[in-house]
Amino acid sequence: MGMFRIFDISGSAMSAQSVRLNTTASNLANANTVASSPDAAYRSRQPVFQTVMNNSAGAAAPESAGVRVAGVVETSAEPARLYDPGNPMADKDGYIYMSNVNPVDELVNMISASRSYQSNVEVLNTSKELLMRTLSIGQ
Amino acid sequence: MALNINTQLDLNARALGIANQRLELLADNVANADTPGYKARDIDFRTAMQSAGSGGDLGLKATSKGHMQLDGIAGPNTATPMYRVPDQPSLDGNTVDSQRENAAIAETSVRYQASLTFLSAQIRSLREAINGGR
């Protein structure tokens with residue numbers, strides 16, 4: 001039934017955007033973690049969105065049905081190296097490795113994700129309202 | 001003039017179907033506003049209504065003697081979605097413009113509600129006729 005598909009579509013987008021908010025929270029929380037080697041340093045995680053295509057039989061064009069998170073990738077930027085011999089995490093030369101999280105990027109991502117989430121809620125509310133009015137047709 | 005309930009209610013029912021299809025596409029666009037490479041799609045309401053109204057190839061066909069007569073029954077309420085031409089290209093290939101989508105959703109929702117109101121009024125008047133004004 002047509003109208004109910006909007007709930008699936010907007011719901012999938014809301015779930016994808018909340019995954020994005022989750023990774024942002026994780027990145028910001030780990031913005032100041034340090035490690036004793038570049039490999040162990042925290043790397044910023046970013047979700048990759050992908051359109052879900054629904055090739056139902058008889059459809060003229062492939063219909064898309066929302067969005068999903070295809071995966072979460074770690075960014076490849078090199079972690080910054082700091083000389084801090086007093087730090088318990090320092091390696092034998094006295095260096096520590098910071099996470100490669102860029103707090104400005106993360107905050108921008110957070111705003112973008114929350115705005116997208118809001119527009120999807122708006123779409124959902126509109127279609128819910130229309131459905132409720134359709135139910136009371138002829139009264 | 002014979003009163004045919006199907007033809008009475010048909011036009012607005014079709015308009016509802018097309019508005020619904022358009023809302024679905026627009027919801028899809030909003031959902032994929034952050035998906036790289038996604039191409040926004042939309043349907044033209046006027047063309048969709050015209051092709052639904054003319055009956056053309058969209059209507060149901062009786063291909064056997066056993067089939068019921070389908071006069072006055074709406075064909076499938078579908079229109080072919082087209083890709084939207086973006087106002088300005090974006091680096092990730094996404095052509096969704098949130099402002100346009102929101103405006104289109106508001107417009108379609110008003111159209112939907114208008115059709116609902118008309119349909120309600122028609123049903124009310126038919127009921128009035130059936131009850132003989134009592």
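Readers should treat all values here as calculations from the given coordinates under stated rules, not as data from a laboratory. Bear in mind the structure is a predicted one, so any value in this text is a computation, not a measurement. Backbone-built Cβ (ideal geometry, glycine too); neighbour counts: all protein chains shown.
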Fill in: For A:VAL52, residues with placed amide H under 5 Å, excluding near neighbours
A:ALA65, A:GLY66, A:VAL67, A:ARG68
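Listing B:TYR83, A:TYR95 from the residue with the fewest other Cβ atoms within 10 Å to the one with the most, what is the order?
Exposure proxy ranking, most exposed first: B:TYR83, A:TYR95.
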Worksheet item: Label-point separation (nm) for A:ASN102 and A:GLN139, each offset 7 Å from Cα along Cα-to-Cβ?
Response: 5.4 nm
Worksheet item: From the backbone phi of segment B:93-106, what are the Karplus-calculated ³J(HN,Hα) couplings (6.51 cos²θ - 1.76 cosθ + 1.60, θ = phi - 60°) in whole Hz, Gly and Pro given as x?
Response: x, 7, 10, 7, 10, 3, 4, 4, 4, 5, 5, 5, 5, 4
Item to complete: Run through every distinct alpha carbon pair of the protein assembly as shown and return the Kirkwood hydrodynamic radius in angstroms, one decimal place.
Response: 22.2 Å
Discussion item. Just checking the output field for B:18-28: average partner chain Cβ neighbours within 10 Å of each residue's Cβ?
Written reply: 6
Worksheet item: Ranked by Cβ crowding within 10 angstrom, fewest neighbours first, how are A:ARG43, A:ARG133 ordered?
Response: A:ARG133, A:ARG43
Practice prompt. Divide by every residue of chain A the summed helix terms, -39500 (n - 2.57) for each DSSP H run of at least 4, and state the resulting mean residue ellipticity at 222 nm, rounded to the nearest 500 deg cm²/dmol.
Written response: -16000 deg cm²/dmol
Response to the item:
Least to most buried among B:ARG134, B:ARG127, B:ARG22, by other C-beta atoms within 10 Å and fewest first, runs B:ARG134, B:ARG127, B:ARG22
Worksheet item: Which whole-number percent gives the relative contact order of chain A, counting Cα pairs below 8 Å spaced six or more residues apart?
Response: 32 percent
Fill in: As computed over segment A:1-125, the Cα convex hull volume per residue (Å³)
112 Å³
Worksheet entry | Under the Karplus curve 6.51 cos²θ - 1.76 cosθ + 1.60, θ = phi - 60°, whole-Hz ³J(HN,Hα) for segment A:45-52, x wherever Gly or Pro sits | 9, 10, x, 10, 8, 9, 6, 8
Worksheet item: Taking the Cβ of A:SER10 as the center, what net charge do the other residues with Cβ under 13 Å away carry, scoring Lys and Arg +1 and Asp and Glu -1?
Response: -3
Worksheet entry | Peptide-level mean, for A:15-24, of C-beta atoms on other protein chains within 10 Å | 1
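Can you give the net charge of the other residues whose Cβ lies under 11 Å from the Cβ of B:THR35, counting K and R as +1 and D and E as -1?
-1
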Fill in: 3J(HN,Hα) from dihedral phi, segment A:127-133, Karplus parametrisation 6.51/-1.76/1.60, rounded to Hz, x for glycine, proline
6, 5, 4, 4, 4, 4, 5
